[in-house]
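Scroll down for the structure; my scribbles are underneath it.
The values are calculated or read from the model by the stated rules, or taken from the named source; none is laboratory data. Just so you know, these numbers come straight off a predicted model, no measurement behind them.
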Amino acid sequence: MTEPAEPESWEAPNQPAKDAAVLLPFVALLLFVPPIILAFAAPVMVAGIPLIVVYVYGVWAMSVLVAFLVARRLGRTGSEPTVSTDRTAGDA
């Protein structure tokens, strides 16, 4: 007897991007909790800038970059929202 063919994947094609979009805010928030951020509060300078400032702006910049990349990937799904330009009789 032949075995039924199994699908290669049960996931949607952009499921990893959706997962990343859900996890990103939580990971970014986790990187700003006091136990982690205080580890960078040492009196160390990086190019004349305190280490904690470099860390805060670095995490922020990476969060924005990852959000941009995830949004771009999710935008390529082809499911563009349609805007109706038809006016009903009640609109003047």
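Gly78 falls short on exactly one of the conditions (1) modelled with pLDDT under 90; (2) at negative phi, and that condition is (2). Just give me the residues in region 29-47 being assigned to a loop (DSSP other than H, G, I, E, B) and more than 23 Å from the chain's Cα centre (by Cα), in sequence order. Those that are assigned to a loop (DSSP other than H, G, I, E, B) and more than 23 Å from the chain's Cα centre (by Cα): Ala41, Ala42, Pro43, Val44, Ala47.
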